[in-house]
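K.L.:
I have a structure here, written as structure tokens, and I will follow up with some questions on it.
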Amino acid sequence: MSHETPIAPEPTPRTETPAARPSPVIAISGLSKRYDSGFSALKQIDLEIQRGEIFALLGPNGAGKTTLISIICGLVNATGGSVTVDGHDSVTDYRAARAKIGLVPQELTSDAFETVWNTVRFSRGLFGKAPNDTHIERVLKALSLWDKRKNKLITLSGGMKRRVLIAKALAHEPEILFLDEPTAGVDVELRRDMWEVVRELRNSGVTIILTTHYIEEAEEMADRIGVINGGEIVLVREKATLMRQLGSKQLTLHLQTPLASVPPALAHYPLTLAENGNVLVYTYDASEAGDSDHVSISALINEIEAAGIRFKDLHTKQSSLEDIFVNLVRERQ
Amino acid sequence: MNLQAVRSIYFFEMARAGRTLLQSLISPVISTSLYFVVFGAAIGSRIQEVEGVSYGAFIVPGLIMLMLLTQSVSNASFGIFFPKFTGTIYEVLSAPISYFEIVLGYVGAAASKSAILGLVILGTANFFVDLHIQHPFMMLLFLLLTAITFSLLGFIIGIWADSFEKLQLVPLLIITPLTFLGGSFYAIDMLPPFWQAVTLANPVVYLVSGFRWSFYGISDVSVVASLVMIGVFLAVSLAVISWIFRTGYRLRP
Ligand SMILES: Nc1ncnc2c1ncn2[C@@H]1O[C@H](COP(=O)(O)OP(=O)(O)OP(=O)(O)O)[C@@H](O)[C@H]1O
Ligand SMILES: [Mg+2]
């Protein structure tokens with residue numbers, strides 16, 4: 001991957017502080033979708049995507065991620081609600097709205113008998129842009145596809161096809177890029193390269209909305225994270241805040257002598273015994289504890305000491321985004 | 001108007017045909033030649049003349065129409081069915097282009113292909129019989145209008161079909177019988193009166209008749225009726241297509 005070749009146009013400075021709250025680049029309000037089958041895939045979605053951010057949409061299979069993206073991009077008709085893209089309504093002013101968007105779909109689709117070069121060039125024309133072979137060359141090089149440009153798509157591997165889809169989406173220099181599970185079926189090294197491209201795009205001002213099942217990816221890449229489940233947005237949070245606030249923490253004490261049961265003096269704490277009474281576990285919600293969690297933990301430790309329990313070792317563990325996610329989804333089911 | 005996009009679709013489709021030039025041109029030319037051998041030479045030697053035109057020459061306009069109709073329908077239906085089938089249609093649907101531009105690109109390409117094919121067949125026919133075209137301008141008009149109208153019909157079929165079987169079904173069950181019974185190989189007044197009346201309900205008769213008139217000045221029905229019939233066809237196809245896009249039928253769930 002070449003790092004000195006930006007693949008997006010005219011870098012615009014990014015506002016680093018969300019405090020100023022610029023107008024959102026995508027505003028979704030009251031969006032709902034009921035498929036002809038009668039199935040309600042989206043229920044009253046309200047969501048704003050900020051300009052220049054990387055937004056990760058997480059959710060289990062069938063949560064409605066692809067449906068949401070498809071409505072924004074014009075592939076699926078909404079049943080109710082509205083979407084504006086940079087101020088343009090996605091239905092009444094679809095030309096202006098769609099011109100700003102690049103979409104990498106979840107499904108691998110390709111014109112089997114076309115060459116990489118032709119199919120990427122076609123995408124640019126389709127979006128009404130005059131041919132610009134230099135730009136297409138840059139995109140193909142950034143995605144390590146330059147050597148394959150004369151190959152027919154049918155001769156490419158799955159990971160390469162996925163990159164061709166990304167190249168197609170970038171061919172018309174979009175300001176907003178949707179990546180619907182871009183790393184499904186892509187090997188580790190390639191995945192890293194792909195994220196490198198995504199970061200580069202973000203640095204040049206492109207807003208990126210991605211869905212993924214690899215939670216560590218969202219954890220690593222995203223500025224904000226939204227969780228969707230059963231057609232409802234259950235949470236939208238800055239990633240850092242989310243990690244700080246929502247993860248429950250565990251304090252684990254390794255005891256010098258095993259306990260048969262938690263002493264009654266400590267019954268008002270949610271304590272459990274593990275490993276045949278050798279380990280005492282205290283689970284607490286970091287968001288509820290807030291700044292006072294140190295206080296309550298020192299109080300707890302004092303009381304444990306007072307109860308005559310001695311411990312060899314202690315450690316705390318904060319749950320990962322994955323744990324948070326799994327908890328959230330389980331809660332709603 | 002996103003002309004760039006229309007051009008992209010159009011040339012993409014034309015390039016696809018270019019790669020399959022063999023099927024696109026050679027096979028219709030061969031089958032037309034076979035029709036000439038069988039109908040023109042074998043049967044034509046027993047039928048001397050139809051309304052003052054040798055039988056070989058008489059069937060030329062009908063043959064071209066036959067090819068024009070079937071090729072327009074199959075080109076256009078395949079052209080839109082294929083991206084729908086492979087899923088690549090997502091890109092066209094997410095692009096900043098109107099329905100009209102999508103149709104212009106796909107149907108324009110399909111109609112161009114079959115119009116070119118029609119002219120190639122005309123050239124082929126020239127080897128077998130002496131051709132005189134009395135109204136060349138009207139001949140071209142009929143050729144183009146038919147190519148466009150039946151490409152629109154093919155486009156509709158391609159969107160409606162959700163399997164390869166269905167894609168073949170309409171051409172096989174409707175288009176082919178109508179064209180064979182549409183007076184390609186005979187003049188209507190060669191039929192018994194009852195079948196003459198039945199035949200007049202076949203829209204293809206009007207197309208063949210008008211097209212033949214542009215060659216030889218002879219026709220089964222009036223030229224105006226032929227033009228009106230094409231106009232009606234065109235209008236109905238356009239209405240169906242605009243309904244398809246308005247409702248998202250089979251394209252946008
Ligand atoms: N065309 C359709 N007709 C009927 N139901 C549909 C259609 N497309 C999707 N659905 C249903 O809508 C729900 C949401 O689907 P969607 O593809 O948006 O999920 P997703 O979050 O993208 O899932 P995944 O992680 O598996 O990609 C699913 O229950 C699915 O079965
Ligand atoms: Mg999906």
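K.L.:
Looking at this structure, is B:I43 over 22 Å from A:T109 (Cβ atoms) and surrounded by fewer than 20 Cβ atoms within 10 Å (Cβ to Cβ)?
P.N.:
Details: over 22 Å from A:T109 (Cβ atoms): yes; surrounded by fewer than 20 Cβ atoms within 10 Å (Cβ to Cβ): yes.
Answer is yes for this residue.
K.L.:
Another one. Give the residues of the stretch B:11-33 that are within 10 Å of chain A (Cβ to nearest Cβ) and modelled with pLDDT of 85 or more, sorted by residue number.
P.N.:
B:F11, B:F12, B:A15 - these are the residues of the stretch B:11-33 that are within 10 Å of chain A (Cβ to nearest Cβ) and modelled with pLDDT of 85 or more.
K.L.:
A further question follows. Taking the stated definitions as given, is A:I228 more than 16 Å from ligand 2 (Cβ to nearest atom), open to solvent by less than 10 Å² (accessible area, probe 1.4 Å) and either touching a residue at least 60 places away in the same chain (Cβ under 8 Å) or not in a helix (DSSP H, G or I) (or both)?
P.N.:
Answer is no for this residue.
K.L.:
Can we say A:E189 is assigned to a helix (DSSP H, G or I), open to solvent by 20 Å² or more (accessible area, probe 1.4 Å) and not hydrophobic (A, V, I, L, M, F, W, C)? Before you say what the answer is, go through the steps one by one.
P.N.:
Working: assigned to a helix (DSSP H, G or I): yes; open to solvent by 20 Å² or more (accessible area, probe 1.4 Å): yes; not hydrophobic (A, V, I, L, M, F, W, C): yes.
For A:E189, the condition - assigned to a helix (DSSP H, G or I), open to solvent by 20 Å² or more (accessible area, probe 1.4 Å) and not hydrophobic (A, V, I, L, M, F, W, C) - is met.
K.L.:
Additional query: Looking at the structure I just gave you, is A:S90 of a type in the set (S, T, Y), surrounded by 24 or more Cβ atoms within 10 Å (Cβ to Cβ) and within 11 Å of another protein chain (Cβ to nearest Cβ)? Give the derivation first.
P.N.:
Details: of a type in the set (S, T, Y): yes; surrounded by 24 or more Cβ atoms within 10 Å (Cβ to Cβ): no; within 11 Å of another protein chain (Cβ to nearest Cβ): yes.
It is false that A:S90 is of a type in the set (S, T, Y), surrounded by 24 or more Cβ atoms within 10 Å (Cβ to Cβ) and within 11 Å of another protein chain (Cβ to nearest Cβ).
K.L.:
Let me ask you something else. Would you point out which residue out of A:I71, A:I101 is at pLDDT 95 or above, more than 16 Å from ligand 1 (Cβ to nearest atom) and either open to solvent by 20 Å² or more (accessible area, probe 1.4 Å) or not charged (D, E, K, R) (or both)?
P.N.:
Among A:I71, A:I101, only A:I101 is at pLDDT 95 or above, more than 16 Å from ligand 1 (Cβ to nearest atom) and either open to solvent by 20 Å² or more (accessible area, probe 1.4 Å) or not charged (D, E, K, R) (or both).
K.L.:
Another one. Within the set of pairs 6 or more residues apart or between chains, which connect a residue that is at negative phi and facing chain B (nearest Cβ under 7 Å) inside the stretch A:98-116 to a residue that is part of a loop (DSSP other than H, G, I, E, B) and open to solvent by 30 Å² or more (accessible area, probe 1.4 Å) with Cβ atoms less than 7 Å apart?
P.N.:
A:A99/A:G128
K.L.:
Name the single residue, out of those in the stretch A:206-240 being out of contact with any strand residue (DSSP E or B) (no Cβ under 9 Å at 6 or more places or on another chain), of a type outside the set (A, V, I, L, M, F, W, C) and away from ligand 1 (no atom under 13 Å from the Cβ), that is modelled with the highest pLDDT.
P.N.:
That would be A:E220.
K.L.:
State all residues of the stretch B:211-253 that are open to solvent by less than 30 Å² (accessible area, probe 1.4 Å) and polar (S, T, N, Q); if no residue qualifies, say none.
P.N.:
Residues satisfying the conditions are B:S214, B:S226, B:S237.
K.L.:
Check the stretch B:75-91 and report whether any residue there is within 16 Å of B:F12 (Cα to Cα), open to solvent by 10 Å² or more (accessible area, probe 1.4 Å) and within 16 Å of the chain's Cα centre (by Cα).
P.N.:
Yes - at least one qualifying residue is present in the stretch B:75-91.
K.L.:
Mind checking which pairs have a first residue in the stretch A:61-74 that is in the same structural domain as A:A41 (by TED's automatic domain parsing) and under 16 Å from A:S40 (Cβ atoms) and a second that is assigned to a helix (DSSP H, G or I) and more than 9 Å from ligand 2 (Cβ to nearest atom), Cβ under 9 Å, 6 or more apart or different chains?
P.N.:
A:A63/A:V329; A:S70/B:Y90; A:S70/B:S94
K.L.:
Hey, another quick one. Which residue is nearest to ligand 1 (Cβ to nearest atom), if the candidates are limited to the stretch A:33-59 and must be among the charged types (D, E, K, R) and without any contact (Cβ under 8 Å) to a residue 60 or more places away in the chain?
P.N.:
Selected residue: A:D36.
K.L.:
Let me ask you something else. Just checking, how many residues over the stretch A:44-65 are within 16 Å of ligand 2 (Cβ to nearest atom) and either assigned to a strand (DSSP E or B) or crowded, with 20+ Cβ neighbours inside 10 Å (or both)?
P.N.:
Residues that pass the stated criteria total 9.
K.L.:
Sticking with this structure for a sec: Name the pairs: first residue in the stretch B:34-53 and closer than 16 Å to B:L131 by Cα, second residue part of a helix (DSSP H, G or I) and among the polar types (S, T, N, Q), Cβ to Cβ under 9 Å, at least 6 apart or on different chains?
P.N.:
Short answer, once both residue conditions are applied: B:F36/B:T124.
K.L.:
Okay, next question. Consider A:G81 carefully, then state whether it is within 8 Å of another protein chain (Cβ to nearest Cβ) and open to solvent by less than 60 Å² (accessible area, probe 1.4 Å).
P.N.:
No: the conditions fail for A:G81.
K.L.:
So, one more: Do the conditions hold for B:S112, that is, is it in contact (Cβ under 8 Å) with a residue 24 or more places away in the chain, among the polar types (S, T, N, Q), surrounded by fewer than 21 Cβ atoms within 10 Å (Cβ to Cβ) and within 14 Å of another protein chain (Cβ to nearest Cβ)?
P.N.:
Answer is no for this residue.
The values are calculated or read from the model by the stated rules, or taken from the named source; none is laboratory data. Just so it is clear, the structure is predicted and the values come from calculations on it, not from any experiment. As a convention, Cβ positions derive from the backbone with ideal geometry for all residues, glycine included, and neighbour counts pool all protein chains shown. In case anyone asks, the SASA skips ligands and DNA or RNA and just uses the protein heavy atoms, side chains included. Shrake-Rupley method; radii C 1.70, N 1.55, O 1.52, S 1.80 Å.
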